[in-house]
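Participant: Sharing a structure here in structure tokens format.
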Amino acid sequence: MLFNKLKTSKTVIPLIIISILAVSAVAVFASTEAVAPPVANSTVAWWVWPLVLFVVTFVLGILAVLGGVGGGVLFVPIVGGFFPFNIDFVRGAGLLVALAGALAAGPGLLKRNLASLRLSLPVALIASSAAIGGAMIGLALKPNVVNILLGATILFIVLIMATAKKSDFPIVPKPDNLSQSLGIMGIYREESLGKDVEWTVHKTPIGLALFVIIGIMAGMFGLGAGWANVPVLNLLMGAPLKISVATSKFLLSITDTSAAWVYLNQGAVLPMIVVPSIVGIMLGSMVGVKILAKAKPKAIKWMVIGLLLFAGLRALLKGLEIWK
Amino acid sequence: MSNDRTKASEEQIIYANILNKGMWFGLALLVITFIIYISGALPSHVPIEELSKTPPGSEVPYWSMRAHEFNQALNIPTGWGWTALAGKGDYLNFIGIAILAGLTILCYLAILPILIRKKDTPYVIIAILEVAVLALAASGILKVGGH
């Protein structure tokens, strides 16, 4: 037992240290180059940036899985804060990164009946419509306003991550009329209990209203929205935690699609940023899943919170022109 | 023991299968076209090495410009105008991106007949509305103002 723990520690700890060092090193490198006099052409060869982006997103992919967050929420503030790319392109890439992650996870979650189509479809209609509005607002706002709002949102997410409780099996005394008429309910096999769990939801109208706000924020900042989806589905509407997490992940594939089209049509998508980021995050996530299978490093969650706190402050101070 | 009650519905399975195949196809295409782009095998509308350069009269390099300034500076069409440039190395990548972004519409269209057959009227309406919303977003009709 102790030997196994030590063995696991030997595998995980170096990976964590390498990850932290990699993020720190590229952040320092990236910020140094980003604040170079803008009138001069970049002294760094063009291929360095996609390569650095790939390394950073690979590390972010690992951290996202271990920290239990989506890739988009880490990607936008970190790449937006420390790379020379305009926040428009970063948000466009952030949406596509979150979309690719959701598309990759969606099929498995749907087949295992953990992501529920009956729960997703009404919610997605609201969130994806709102995300279009969010994307249009976000692209119309000035970059410093976007950065201030993004920073404030990230700090709010930090607060949610640090304080919000989760409930494995919330009690739903009585499904509301709307969820009953839409037949939002399901049954899934809970292996940890060795039994089938029936679930339904309540407070659907309030939940749907909140998804208007979530959709707007997802479109405006290109963050994905798992950080907000899960608390609403789980704590407010009363879906079991597993159903909430899986449905949230699948939902992003619809919400982010609508916003991604707006960014694509407005020319706010650069393949040079998008492709290395998608590949980096996806490969990182695969490595993260393997590490997660060996250990559950709770400290990682706090490291991710720390990283988000730093990135959120960076965005806020950049927007306020205190830390350019 | 797990039983039929815990199994995913017919439409959920169909949706998952299309999503799975489309995702891998789009992703593979994205990687292949990106290799073509960075290798220079096809000429690009905007050569990749130009992105980090600062044009005359500007204070920032192309990739630090706002999207609308970038489009103006490099004469890049918005909306579906990129399809006219799809033969170029950089815009070739947009095919994979558009496939990934368009998959959800395809999935909804695939489950619609099942929902109609099941006479699941509320979900038929929801699915039609969702296709309309996504088609509107994809159409390029929506313009962002305020610049």
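The values are calculated or read from the model by the stated rules, or taken from the named source; none is laboratory data. Remember, predicted model here, so these are calculated numbers, not experimental data. Cβ sites come from the backbone with ideal geometry, for glycine too, and all protein chains shown count toward neighbours.
Participant: Hey, can you tell me all the residues within segment B:86-107 that are touching a residue at least 60 places away in the same chain (Cβ under 8 Å) and either surrounded by fewer than 23 Cβ atoms within 10 Å (Cβ to Cβ) or not polar (S, T, N, Q) (or both)?
Facilitator: The answer is B:Ile95, B:Gly96, B:Ile97, B:Ile99, B:Leu100, B:Leu103, B:Leu106, B:Cys107.
Participant: Now for a separate question. Is it true that A:Lys242 is charged (D, E, K, R), under 30 Å from B:Tyr15 (Cβ atoms) and modelled with pLDDT of 90 or more?
Facilitator: On the way: charged (D, E, K, R): yes; under 30 Å from B:Tyr15 (Cβ atoms): yes; modelled with pLDDT of 90 or more: yes.
Judged against the criteria, A:Lys242 is a match.
Participant: Next up: Test of understanding: among A:Lys174, A:Lys166, which residue is away from every other protein chain (no Cβ under 12 Å), over 30 Å from A:Ala315 (Cα atoms) and among the charged types (D, E, K, R)? Step through it out loud before you land on a result.
Facilitator: Values: A:Lys166 fails: over 30 Å from A:Ala315 (Cα atoms).
Every option except A:Lys174 fails the conditions.
Participant: Do you know which residues across segment B:33-46 are more than 9 Å from chain A (Cβ to nearest Cβ) and either of a type in the set (S, T, N, Q) or free of Cβ contacts under 8 Å to residues at least 40 places away in the same chain (or both)?
Facilitator: Taking segment B:33-46 and keeping what is more than 9 Å from chain A (Cβ to nearest Cβ), we get B:35-36, B:39-46.
Answer for segment B:33-46, where residues must be more than 9 Å from chain A (Cβ to nearest Cβ) and either of a type in the set (S, T, N, Q) or free of Cβ contacts under 8 Å to residues at least 40 places away in the same chain (or both): B:Ile35, B:Ser39, B:Ser44.
Participant: Based on what the data block shows, is A:Ile216 over 26 Å from B:Ile97 (Cα atoms) and either in contact (Cβ under 8 Å) with a residue 60 or more places away in the chain or not aromatic (Phe, Trp, Tyr) (or both)?
Facilitator: Answer is no for this residue.
Participant: Given the structure, is B:Asn71 out of contact with any helix residue (DSSP H, G or I) (no Cβ under 8 Å at 6 or more places or on another chain) and more than 7 Å from chain A (Cβ to nearest Cβ)?
Facilitator: On the way: out of contact with any helix residue (DSSP H, G or I) (no Cβ under 8 Å at 6 or more places or on another chain): yes; more than 7 Å from chain A (Cβ to nearest Cβ): no.
No, not satisfied.
Participant: From B:Ile95, B:Ile125, B:Ile116, which residue is facing chain A (nearest Cβ under 10 Å) and modelled with pLDDT of 95 or more?
Facilitator: Of the residues listed, the single one that is facing chain A (nearest Cβ under 10 Å) and modelled with pLDDT of 95 or more is B:Ile125.
Participant: For segment A:222-233, check the following and say yes or no: at least one residue is within 14 Å of chain B (Cβ to nearest Cβ) and either in contact (Cβ under 8 Å) with a residue 40 or more places away in the chain or over 15 Å from the mean Cα position of the chain (by Cα) (or both).
Facilitator: Yes: segment A:222-233 contains one or more residues that are within 14 Å of chain B (Cβ to nearest Cβ) and either in contact (Cβ under 8 Å) with a residue 40 or more places away in the chain or over 15 Å from the mean Cα position of the chain (by Cα) (or both).
Participant: So which residues in segment A:242-261 are farther than 15 Å from A:Gly94 by Cα and polar (S, T, N, Q), if there are any at all?
Facilitator: Correct list: A:Ser244, A:Thr247, A:Ser248.
Participant: Those residues that are more than 23 Å from A:Leu109 (Cα to Cα) and surrounded by 12 or more Cβ atoms within 10 Å (Cβ to Cβ), I need them from segment A:173-190; list them, please.
Facilitator: Once the filter is applied, which keeps residues that are more than 23 Å from A:Leu109 (Cα to Cα) and surrounded by 12 or more Cβ atoms within 10 Å (Cβ to Cβ), segment A:173-190 yields A:Pro175, A:Asp176, A:Leu178, A:Gln180.
Participant: Still on this structure: In segment A:243-289, how many residues are touching a residue at least 40 places away in the same chain (Cβ under 8 Å) and outside any helix (DSSP H, G or I)?
Facilitator: Number satisfying all stated conditions: 4.
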